[in-house]
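Notes follow once the structure below has been shown.
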Amino acid sequence: MYGETLEIPCNIGAIKEEDVLITKWKYVKGLAGDLLVKQKSQNVVDSATDEYKGRVSMGANSNLLLSEARLSDQRTFTCMVVASQDIREYPVNVAIYKMPAALEISEKAEELEIGKLTKLGKCVAADANPAANITWLKNNKPLVADEKGISIQASVMVDPVTGLSTTTSSLEYAAEKEDTDAQFTCSTQHTEGAALVSSPVTFTITYSPENIVLQVISQGPLVEGDNVTMKCIADGNPPPTSFNFHLMETMVRVDDSDTYTITNVSRDATGEYKCSLIDNPSLEASVDVKVNYLDINLSPSGSIVKSAGSALNLSLQIDASGKSKVSWTKDNVKLDKEPIFRKLTYSDSGRYECQVTMEQLSRKASFELLVEGAPVIRQLSKQRGEDGQHKVLICEAEGFPKPAVSWSINGTSPVESPFINGKITHKITVVPSANLTVSCTVTNKFGMDTRAINVSSCKYKVVIDQTKLVVGIVVGLLIATMIVGLAYWVYMKKSKQGSWKTGEKENGSSEEEKKLEEKVEENSQKAEV
């Protein structure tokens with residue numbers, strides 16, 4: 001290698017050292033030039049002149065040591081060995097190699113234009129031997145000259161002093177869009193060393209716009225009142241910064257910006273919009289803009305007062321840019337369908353609200369309905385009290401405003417239900433002493449209604465109790481009489497047993513006993529009755 005010390009072998013052991021008488025190194029330079037001579041058992045004699053003076057010495061095995069190798073040392077050196085019976089010469093051809101210095105790309109282009117053959121840069125491999133071959137690479141893939149999009153020119157210069165070669169390679173390149181951010185390098189592979197690669201370089205790839213797109217920037221579908229921003233995007237490099245925006249029948253030029261904003265759009269802004277390049281109006285893009293809207297009209301609206309039994313016609317008109325959905329509520333409770341009022345009832349009173357939605361748009365309308373009319377008694381009924389001593393009268397009525405309830409008799413424990421949906425229920429408790437007819441009357445500002453009901457007396461309860469008492473007294477008296485008769489009969493029986501002596505008494509006693517038995521039997525029959 002260039003600049004190193006060379007060790008050139010002599011006879012490679014073909015002749016034994018003890019048989020060598022003289023060893024001599026020489027080289028061919030026109031005429032042979034001697035360098036070193038060594039006789040057996042003597043020191044080495046340096047006979048070198050010119051460029052080898054002071055650079056040569058003899059090493060082990062009679063090898064020639066040559067310091068600071070130069071390109072001029074690329075010649076044949078001969079080792080001559082004289083033995084006792086033979087003389088031999090061993091020529092050695094020397095080649096000097098040198099790696100080039102580090103590779104760098106210089107004279108780089110500021111930018112590359114698509115399709116235009118442009119000098120990309122120059123790569124230099126300096127002071128090499130043999131002369132370096134330079135290869136250009138894009139993204140680590142070799143470029144091959146085709147004289148169309150790739151042109152490579154190389155030259156070699158030899159230093160007259162050192163004899164080293166410097167190779168210069170220039171690359172002309174027609175870029176493509178894909179070359180944006182591509183890495184270009186140059187490299188060389190030396191015979192005796194590793195490959196050298198330059199630092200990568202990238203280039204700005206310029207090209208005229210070929211495609212253009214117009215976008216509408218919005219968070220969602222456009223609705224009336226929104227701001228609409230349009231963005232024009234072209235693929236040139238560097239990208240254009242000024243555009244013409246065609247807004248319906250108007251054209252607006254925008255410099256140093258690719259956007260244009262329309263504020264507070266209305267439904268009339270629906271239509272086709274365009275943008276184009278200022279320096280190339282034929283290159284344009286378009287987009288359809290749709291402004292969504294939703295209008296509703298509910299009839300009737302506000303506060304509505306209607307008579308019970310009458311009809312109410314609803315009308316909901318919808319003007320929308322798309323398909324809408326309708327929902328209804330009454331007093332904040334969702335209804336299954338749109339209300340229909342063919343014959344109004346008091347329960348129809350309330351606040352009605354409709355909500356119409358279309359995508360993210362929503363509109364509401366409402367009305368307050370009040371159904372009024374003269375009161376009507378729907379039912380008049382009676383119930384027996386829990387203790388059986390009183391009766392509860394119930395009057396159920398409808399009407400609006402709230403009807404007042406009155407009875408034809410006074411009652412106790414009056415109870416009135418809450419007035420809901422035009423309905424009211426009134427109850428009173430009575431204890432009639434005789435059969436009578438009771439009427440219920442309901443009244444409001446529109447009229448009145450009366451209904452009667454028959455109520456029977458509760459006295460029969462008391463009669464039933466007195467009868468039970470009389471029967472109990474009679475049964476008790478009969479039982480007492482039977483007890484007295486039985487006691488008397490027992491007494492007479494004993495008296496008869498004590499008077500057997502006279503037949504008359506006996507007969508008389510028998511008659512009295514017979515009468516007594518008949519009396520007891522009579523009393524027994526009365527008790528059974």
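Here are a few things to note about the model shown:
- Shape parameters for the stretch 374-455, alpha-carbon atoms, Rg then Dmax in Å: 12.7, 40
- Dipole orientation for the chain: of the candidates SER62, ALA374, ILE105, ALA374 has the Cα lying most toward the positive pole (charges on Cβ; Lys, Arg +1; Asp, Glu -1).
- With Cα atoms, 0 to 90° folded angle of helix 460-497 axis to the chain main axis: 60
- Helix 503-528 and the longest principal axis of the C-alpha atoms of the chain enclose an angle of approximately 40°.
- Carbon/sulfur fraction of accessible area - the stretch 102-206, other protein chains in place, 1.4 Å, %: 48
- Charge-dipole axis of the chain as Lys and Arg at +1 and Asp and Glu at -1 on Cβ define it, positive-most pick from ILE420, ILE150, LEU71: ILE420
- Taking only protein heavy atoms and a 1.4 Å probe, the accessible area of the stretch 212-289 is 46% carbon and sulfur.
- Per residue, the average separation of C-alpha pairs within less than 8 Å and at least 6 apart gives the stretch 212-289 a relative contact order of 34 percent.
- Taking every DSSP bridge with both residues inside the chain, close to 90 percent are antiparallel.
- Size of electric dipole in the chain: Cβ of Lys, Arg +1 and of Asp, Glu -1, about Cα centre, debye, nearest 20: 4120
- Portion, in percent, of the accessible area of the stretch 6-93 that falls on carbon or sulfur, probe 1.4 Å: 49
- Where labels lie 7 Å past Cα in the beta-carbon direction, separation of THR204 and GLU89 in nm: 6.8
- In this calculation the C-beta distance from GLU68 to ASP181 is compared with R0 = 41 Å, giving a FRET efficiency of 0.30.
- Note on the stretch 374-455: Lys pairs 8 or more places apart or on different chains, Cα atoms under 14 Å apart, count 5.
- Our note on the geometry: Cα centres of the stretch 1-28 and the stretch 388-460, 148 Å apart.
- Length added when fully stretched, GLU272-ASN421, from 0.36 nm per residue minus Cα-Cα: 48.0 nm
- Note on the stretch 6-93: with charges restricted to the Cβ of Lys and Arg (+1) and Asp and Glu (-1), its dipole about the Cα centre is near 140 debye.
- Net lengthening on full extension, ALA154/THR191 (0.36 nm per residue, minus Cα-Cα): 11.4 nm
- Three-way shape label, the chain, alpha-carbon gyration tensor, a/c 1.5: oblate
- Over the stretch 374-455, Cα pairs under 8 Å with separation of 6+ residues give a relative contact order of 35 percent.
- As a rough guide to protection, the peptides 413-424, 240-251 ranked by mean Cβ packing within 10 Å, highest first, stand as 240-251, 413-424.
- Accessible area of the chain divided out per residue, in Å², using a probe of 1.4 angstrom: 60
- Taking a sphere under 13 Å around the Cβ of VAL405 and counting the other residues whose Cβ falls inside, with K and R at +1 and D and E at -1, yields a net charge of +1.
- Here the stretch 208-314 is treated with +1 on each Lys and Arg Cβ and -1 on each Asp and Glu Cβ, and its dipole about the Cα centre works out to around 660 debye.
- Estimated purely from DSSP H runs of n ≥ 4, each contributing -39500 (n - 2.57), the mean residue ellipticity at 222 nm for the chain is -4500 deg cm²/dmol once divided by its residues.
- Sequence-distant contacts, meaning Cα pairs under 8 Å at least 6 residues apart, place the relative contact order of the chain at 6 percent.
- The stretch 292-317-the stretch 93-127 distance, computed between alpha-carbon centres (Å): 88
The values are calculated or read from the model by the stated rules, or taken from the named source; none is laboratory data. Remember, predicted model here, so these are calculated numbers, not experimental data. Every residue, glycine among them, receives a Cβ derived from its backbone with ideal geometry; neighbour counts consider all protein chains shown. Please note that ligands, DNA and RNA were not included when accessible areas were found on the heavy atoms of the full protein model with its side chains. Shrake-Rupley method; radii C 1.70, N 1.55, O 1.52, S 1.80 Å.
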